[in-house]
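Below is one structure, written out as structure tokens, with a few remarks after it.
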There are 2 protein chains.
Amino acid sequence: MGVVIAFEGGQRQTASLDSLVALTNSDMALVNEFIMEKAQSHVELIPELAGHLINSGGKRIRPMLTIAAARMCGYTGLHHLKLAMSVEFMHTATLLHDDVVDESDLRRGKQAARVIWGNQASVLVGDYLLGQAFKMMVETGSLDCLRILSEAACTIAEGEVLQLSVSQDTSTTEDSYLKVVGAKTAALFSAAAKVGGVIAGKPRNAQEALESFGRNLGIAFQLVDDALDYSGKQATLGKSVGDDFRERKITLPVVLSFRRGAEEERNFWKRVMEDGNQTDDDLIYATKLMERHGAIADTIERARHYGSMACDALAIFPDSEWKTALLESVAFCISRAH
Amino acid sequence: MGVVIAFEGGQRQTASLDSLVALTNSDMALVNEFIMEKAQSHVELIPELAGHLINSGGKRIRPMLTIAAARMCGYTGLHHLKLAMSVEFMHTATLLHDDVVDESDLRRGKQAARVIWGNQASVLVGDYLLGQAFKMMVETGSLDCLRILSEAACTIAEGEVLQLSVSQDTSTTEDSYLKVVGAKTAALFSAAAKVGGVIAGKPRNAQEALESFGRNLGIAFQLVDDALDYSGKQATLGKSVGDDFRERKITLPVVLSFRRGAEEERNFWKRVMEDGNQTDDDLIYATKLMERHGAIADTIERARHYGSMACDALAIFPDSEWKTALLESVAFCISRAH
């Protein structure tokens, strides 16, 4: 991509997912086979619905993290593939349930499963994939990995419920918002990276470094996503512009704009977010307010801050192509906003 | 209760849950403490919603099965309590998701959680409880139990999806219907009983006996439930009469009535179940048709057949108060219809 991202402490990192994709390529081919195999069922609707989402072109960044973490830690077995699959299924199950919860019509630029097969099937197929994820974890025989991933499952659900209760509340603070992000997004990134170190038998300090790497990368990833939702760029990413706005989600760009805005602006945010009284022009005005207060730019700055922490967390690992690939993927996440 | 149920082979069994409740009483007190503790979260909505369902007076028959199976097998540790809690949480999560899927307004005679807190929260709190269930299983350190229960989780979800696809289809055969019941209800009964034997370290034949006991008891339990849905008795059980009818669920009484009915009757079933064109009088007429063809009585006869298999499955265990309690609970399930 040629983009270079500057992090705190003067570290500069090429922004690219290419190395990670290339290095994990053969492992990911096996993970993808597993995914197709384990989404099967004699109940036809299951592979049909699961396949719709599985084949919808997600980047599979979470399972790549598990693989890269395990490989960077020198793991040579096969269990990391099962863990990677479990992580992706947990993510897919979350997406299916999220679409029901958010009443979304689109997912990755395609019709959401719930629109085609209904909310009912989306809830149940999500449950099925979660069950399959746990079955695969059991196959690795690692109780530590099972503990980490089942804790992540709880935390993710907690984060989603928390998001429900803060949603449409313009008085949400940056801290509360970060709690939501830490749970609903960062918990799975964090677990995905950590289990790679655990399955490789690495000591606690390496496990914690990976956990911290994943958590901070996850936060950066989500913040950039939030920024992209208000930028024209996202159209090229297969999402509709202003989804969060229409769903009245309070994300960091809104939190910052609300806090930095004058009384009149705050009334605007209350009307569109709390009362849900919106027109198409309101989205344009919202973006203008964000620009006025540097809310998008500062959301990306915050993301860069978490990206720095992610990079620093990997410092205890000796240099390797795997480590470089992981560092470049952090920069890539930030660069999506540029 | 004084009721005695006759099973195939001339076996006669007192129908009562009293012995099971009395014997498991002190263990269940600990399980209930666990349940309250693990339904906690710093996210307020979670204990609020979970508590609503947890305190709604379910009989907790599934965790009692786990405890009784473990104790009958001579288990003296504490892990069976964690397994019992996991089983109940899996069940609670299923109920929360079921209500969303079925769009039910009532659950155990109270407003369904989804009516009070919305579908969104019900989906997510269900996910949270499922995560907590897996965390507890991990704490037992038994990969065998984790395997059995995660397989059950998949099977249950598969059964629910299968039910979606056969729902409102009057041509459903008894076999297809039994497949649904085997998955959505019997899989958890079966796993609940089996893990009791597994945690007690019993050999495979004992584990399989418990699995078979649980599966057949689960089928009997569901068939009696289906019969009760068309009988006045269910009003005393805190359910509304005719729920299945209004939700156009094809259960065994409908399958039998449809198959045994004349052309005109079949047209009636198609109108009310497939087209969903129903009046209150139709429920009365449906019950009359069931009576005409002995559909309710034969559904209970079928249940008695599965009950017999459940009792026979326990034959390999030496006599004990635990075994007697389990046998009486089978008879109790059948007797609910009397």
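The values are calculated or read from the model by the stated rules, or taken from the named source; none is laboratory data. Given the structure is predicted, the values throughout are model-derived calculations rather than measurements. In this analysis, Cβ positions are derived from the backbone assuming ideal geometry, glycine residues included, and neighbour counts consider all displayed protein chains. Keep in mind that these areas ignore ligands, DNA and RNA; they rest on the heavy atoms of the full protein, side chains included. Shrake-Rupley method; radii C 1.70, N 1.55, O 1.52, S 1.80 Å.
Structure values in brief
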| item | result |
| --- | --- |
| Test: B:Gln111 is open to solvent by 10 Å² or more (accessible area, probe 1.4 Å) and within 14 Å of another protein chain (Cβ to nearest Cβ) | no |
| Those residues of region A:180-234 which are assigned to a helix (DSSP H, G or I) and acidic (Asp, Glu), in sequence order | A:Glu208, A:Glu211, A:Asp225, A:Asp226 |
| Residue list for region A:1-52, filter: in contact with a strand residue (DSSP E or B) (Cβ under 7 Å, 6 or more places away or on another chain) and not charged (D, E, K, R) | A:Val4, A:Ile5, A:Ala6, A:Phe7, A:Gln13, A:Thr14, A:Ala15 |
| Extreme residue, surrounded by the fewest Cβ atoms within 10 Å (Cβ to Cβ), among residues of region B:198-229 that are of a type in the set (S, T, N, Q) and within 26 Å of B:Leu252 (Cβ to Cβ) | B:Ser212 |
| Those residues of region B:121-163 which are among the basic types (Lys, Arg) and either under 26 Å from B:Pro47 (Cβ atoms) or touching a Gly at 6+ places or on another chain (Cβ under 9 Å) (or both), in sequence order | B:Lys135 |
| Test: A:Val101 is within 23 Å of B:Glu247 (Cβ to Cβ), open to solvent by less than 10 Å² (accessible area, probe 1.4 Å), facing chain B (nearest Cβ under 9 Å) and free of Cβ contacts under 8 Å to residues at least 60 places away in the same chain | no |
| Tally of residues being assigned to a helix (DSSP H, G or I) and either more than 7 Å from chain A (Cβ to nearest Cβ) or free of Cβ contacts under 8 Å to residues at least 12 places away in the same chain (or both) across region B:136-158 | 16 |
| Residue list for region B:104-135, restricted to those being β-branched (Val, Ile, Thr) and in contact (Cβ under 8 Å) with a residue 24 or more places away in the chain | B:Ile116, B:Val123, B:Val125 |
| Residue identified as touching a His at 6+ places or on another chain (Cβ under 9 Å), open to solvent by less than 10 Å² (accessible area, probe 1.4 Å), among the aliphatic types (A, V, I, L, M) and on the phi < 0 side of the Ramachandran plot among B:Ala192, B:Ala93 | B:Ala192 |
| Selection count where residues are open to solvent by 40 Å² or more (accessible area, probe 1.4 Å), β-branched (Val, Ile, Thr) and farther than 28 Å from B:Ala200 by Cβ, scope region B:130-181 | 1 |
| Those residues of region A:159-202 which are of a type in the set (Lys, Arg) and within 14 Å of another protein chain (Cβ to nearest Cβ), in sequence order | A:Lys179, A:Lys184 |
| Helices (runs of 4 or more DSSP H) lying entirely in region A:241-338 (those with 1 or more residues that are of a type in the set (Gly, Ala, Ser) and open to solvent by less than 10 Å² (accessible area, probe 1.4 Å)) | A:252-260, A:280-292, A:295-313, A:321-335 |
| Matching residues in region B:33-51 - criterion: being open to solvent by 10 Å² or more (accessible area, probe 1.4 Å) and in contact (Cβ under 8 Å) with a residue 24 or more places away in the chain | B:Phe34, B:Lys38, B:Ser41, B:Leu45, B:Glu48 |
| Residue list for region A:259-304, restricted to those being in contact with a helix residue (DSSP H, G or I) (Cβ under 7 Å, 6 or more places away or on another chain) and among the β-branched types (Val, Ile, Thr) | A:Val272, A:Ile296, A:Thr299, A:Ile300 |
| Leading residue by the ranking (farthest from the other protein chains (Cβ to nearest Cβ)) among those in region B:39-63 that are outside any loop (DSSP other than H, G, I, E, B) and hydrophobic (A, V, I, L, M, F, W, C) | B:Ile61 |
